[in-house]
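Asks: Here it is: the structure, laid out below.
The values are calculated or read from the model by the stated rules, or taken from the named source; none is laboratory data. Worth saying up front: this structure is predicted, and the values here are computed from it rather than measured. Cβ placement follows ideal geometry from the backbone for every residue including glycine, while neighbour counts extend to all protein chains displayed. Accessible surface areas use protein heavy atoms only, side chains included; no ligands, DNA or RNA. Shrake-Rupley method; radii C 1.70, N 1.55, O 1.52, S 1.80 Å.
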Amino acid sequence: MSTHYDVLGVSQDASTEEIKKAYRKLARKLHPDVNPGDDASEQFKLVTRAYEILSDPEKRRNYDTTGNENGNAPGPGQAGGFGFNDIFEQFFGGGQAGGPASRTSRGRDALITATIDLKDAVQGVVYPLEMETAVTCPTCEGTCCQPGTSPQTCTICHGRGQIQRPVRSFLGQMMTVETCSACRGFGTTLPSPCNECMGSGRVRERVSKQLKVPAGVATGTRIHLAAQGEAGPGGGPSGDLYVEIDVRRHPVFERDGNDLHATLTVPMTAAALGADLDLETFDGQRDIRIEAGTQSADTVRLGQLGVPRLRGGGRGDLIVHIHVETPTKLDHQQRELLERLAELRGEEVAEGRLTDRGGVFSRLRDKLGHRA
């Protein structure tokens, strides 16, 4: 197997200067501009690779010690390495490839936030959007030129967007490719750029849009509006618009997934005797039955009055948490009546007791998934 020394045609104890001279001689002979054959191109890569390793003292030392073709160092094109492309640029120059650049490109995507009420998230809403963005210039309609004019072929690069310049190097005279400074690589110039957009093909305006927010969205939901972002330069296509939803907290209802939760405070007498009450929901007024003997922390579930599901159909439930209100201020007559009730129930002496399953704390434990 040939070594890097064999490729360059030098001995293993060759000096750095001898290695450099050998590389120059071979590079002049094998460079693609001088020798376009496939074999010469492959040999040129091998010569360049050998020079990369042997011209670096540390890589050469590692190569001599281990015989590792990579010299135990990053290879060409890797971070920290000095690869074939780097050497090619150093010796022969370079510029943009692929012909003239286009003035037309896609506009950027945009992200804005829409803050809505919980009721809007439950029922859906048409939300008015106000945003400042780039739109296609109404004067030139994206052509970048004053009306009645058009881009002209660059007289310096003749439409190529690039120019070649001869430079001298230790390999002799070479041709470098550079971006044309007259047309900035576009291949055309604008003799009469549009006065309104300054030749960019777009201007910034404040625009209004109507956003249809579907029922069931939540904070963090993103609505994608294709091609409604910023207009592209030079009449290019618009980017996309993303609207992120932020739902305000509601003073009464709290959302948990697709369910809504609310707390209903009822008098002690209503909890003891039972009652039919009216409850205002997002779907209008609904009747709710408070059974006799209802305790604090009991719940009443109203089906299909929660949040609609974005996918799959149906709705969550409205779960009403009962809070029994104990009176704190009693007049003389009220106190006598409660004392009489306590006497009739045999509760003249207040006694507390720990409850078995079915008590308040047991019900809370059941709701939390038996994590006691």
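Asks: Could you please find all residues in segment 226-265 being closer than 13 Å to Lys119 by Cα, touching a Ser or Thr at 6+ places or on another chain (Cβ under 7 Å) and surrounded by fewer than 18 Cβ atoms within 10 Å (Cβ to Cβ)?
Replies: Of everything in segment 226-265, those that are closer than 13 Å to Lys119 by Cα, touching a Ser or Thr at 6+ places or on another chain (Cβ under 7 Å) and surrounded by fewer than 18 Cβ atoms within 10 Å (Cβ to Cβ) turn out to be Asp246, Arg248.
Asks: Kindly establish whether Glu325 is over 41 Å from the mean Cα position of the chain (by Cα), within 29 Å of Asp283 (Cα to Cα) and either at pLDDT below 90 or not aliphatic (A, V, I, L, M) (or both). So that I can check it myself, show each step before the final result.
Replies: Values: over 41 Å from the mean Cα position of the chain (by Cα): yes; within 29 Å of Asp283 (Cα to Cα): yes; either at pLDDT below 90 or not aliphatic (A, V, I, L, M) (or both): yes.
Spelling it out, Glu325 is indeed over 41 Å from the mean Cα position of the chain (by Cα), within 29 Å of Asp283 (Cα to Cα) and either at pLDDT below 90 or not aliphatic (A, V, I, L, M) (or both).
Asks: Six or more apart or on different chains, Cβ under 9 Å: which pairs go from a residue in segment 130-142 that's touching a residue at least 60 places away in the same chain (Cβ under 8 Å) and at positive phi to one that's hydroxyl-bearing (Ser, Thr, Tyr) and not in a loop (DSSP other than H, G, I, E, B)? Could you list them?
Replies: Gly142/Thr136
Asks: State yes or no: is Pro74 open to solvent by 20 Å² or more (accessible area, probe 1.4 Å) and at pLDDT 95 or above?
Replies: Judged against the criteria, Pro74 is not a match.
Asks: Could you list, in sequence order, the residues of segment 182-215 that are in a loop (DSSP other than H, G, I, E, B) and more than 18 Å from Ser102 (Cβ to Cβ)?
Replies: Scanning segment 182-215 gives Pro191, Ser192, Asn195, Glu196, Met198, Pro214, Ala215.
Asks: Looking at segment 313-348 only, could you name the residues that are farther than 19 Å from Arg255 by Cα, part of a loop (DSSP other than H, G, I, E, B) and without any contact (Cβ under 8 Å) to a residue 12 or more places away in the chain?
Replies: Thr328, Lys329, Leu330, Asp331, Arg345, Gly346, Glu347, Glu348 - these are the residues of segment 313-348 that are farther than 19 Å from Arg255 by Cα, part of a loop (DSSP other than H, G, I, E, B) and without any contact (Cβ under 8 Å) to a residue 12 or more places away in the chain.
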